[in-house]
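Contents: one structure, followed by commentary.
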Amino acid sequence: MAEGGVTNALLYAVIAAGANIVGALAVTRRATASLRLIEHFVAFGAGFMLAVCLTEIVPEALTRSGALAPALFLGGYLAVHLTQHALVPHFHFGEETHHVNAVAGRSALIGLLLHTFFDGVAIASAFLVRPALGVLVFLAILLHKLPEGVTIASLMVAGGATGAAAVRSAALLGLATVAGVLLTDHVGVLVTHGLALSAGVTLYVAASNLVPEFQGKGGWRLPAAFFAGAAGFYGTKLLLERIW
Ligand SMILES: [Zn+2]
Ligand SMILES: [Zn+2]
């Protein structure tokens with residue numbers, strides 16, 4: 001990666017990691033209005049991330065990984081299901097509103113670490129392709145980082161953890177994202193195939209984590225936020241292409 005690329009990807013990953021902590025603080029400080037706003041981030045972020053994944057990451061990954069790309073898409077998708085759901089007793093995105101045991105909180109944290117690591121791999125791999133794609137993927141990741149912080153912090157609190165421990169858990173997720181950026185730059189297989197694996201991971205996060213959180217809820221605001229997220233992606237892409 002060019003030196004500017006590393007610095008950029010790392011800076012953006014640190015900002016995304018910070019959003020994990022802000023989401024956790026909204027939970028521990030019981031900021032109800034902020035939590036309601038963050039619910040709309042889930043829908044908007046899902047639309048944005050789905051659009052980036054299908055129209056940008058998938059085509060670029062096909063170029064980078066060639067014949068291996070489709071298997072890596074599937075592998076990334078299945079790996080998230082394995083670590084976040086199959087091996088974990090209770091996990092879903094969004095605020096935890098019922099009681100869970102402490103094991104559920106800790107195992108969900110471990111499961112989420114792989115996904116948040118790939119949040120970082122996605123940002124770094126996208127910067128390797130071109131800066132505009134790096135910024136688009138960063139924005140997609142950033143939008144779901146607030147709800148991600150809410151998810152882990154509320155799950156830890158519901159499992160009996162203290163507020164401080166809940167915020168530390170969110171910080172750990174943020175660190176995994178920063179580690180994802182740093183490792184992408186040093187591990188050859190991630191330099192080449194990180195984008196294809198990230199395509200599977202981001203497809204899972206958008207379509208199988210975020211969309212189910214609002215598809216059953218009534219009203220027009222959440223679907224509107226979802227479509228606005230996809231449209232917002234195209235608007236941002238056009239804007240960035242004018243700059244670069
Ligand atoms: Zn639950
Ligand atoms: Zn994430």
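Of note:
- Ranking Trp220, Trp244 from most to least accessible surface, computed with a 1.4 Å probe over the protein chains only, gives Trp220, Trp244.
- For segment 1-114, the alpha-carbon radius of gyration amounts to 1.29 times the rule-of-thumb value 2.2 N^0.38 Å expected for a compact globular protein.
- Helix runs (DSSP H) in the chain reaching 24 Å along axis by Cα, Kyte-Doolittle at least -1.0: 3-28, 32-52, 102-129, 131-158, 163-184, 221-243
- Per-q log10 I(q)/I(0), the chain, q = 0.07, 0.11 Å⁻¹ (Debye; single scatterer per alpha-carbon; no solvent): -0.20, -0.51
- Helix-derived mean residue ellipticity, 222 nm - over the chain, DSSP H n ≥ 4, -39500 (n - 2.57), to 500: -26500 deg cm²/dmol
- Heavy-atom accessible surface of segment 3-121: percent carbon and sulfur, 1.4 Å: 69 percent
- Å² per residue, accessible surface of the chain at 1.4 Å: 43 Å²
- When each of the peptides 166-173, 183-190, 226-233 is scored by how many other beta carbons lie within 10 Å of its residues on average, the order from highest to lowest is 166-173, 226-233, 183-190.
- Computed from the C-beta positions of His98 and Leu68 and an R0 of 41 Å, the FRET efficiency is 0.50 to the nearest 0.05.
- Cα gyration tensor category, rounded, prolate or oblate, for segment 52-96 with a/c compared to 1.5: oblate
- Interatomic Cα distance distribution for segment 123-244, bins of 10 angstrom, percent: 11, 34, 35, 18, 2
The values are calculated or read from the model by the stated rules, or taken from the named source; none is laboratory data. From a predicted model like this one, the values you see are computed outputs, not experimental measurements. Here the Cβ is made from the backbone with ideal geometry for all residues, glycine too, and neighbour counts use every protein chain on show. Note: areas computed on protein heavy atoms with side chains; ligands, DNA, RNA excluded. Shrake-Rupley method; radii C 1.70, N 1.55, O 1.52, S 1.80 Å.
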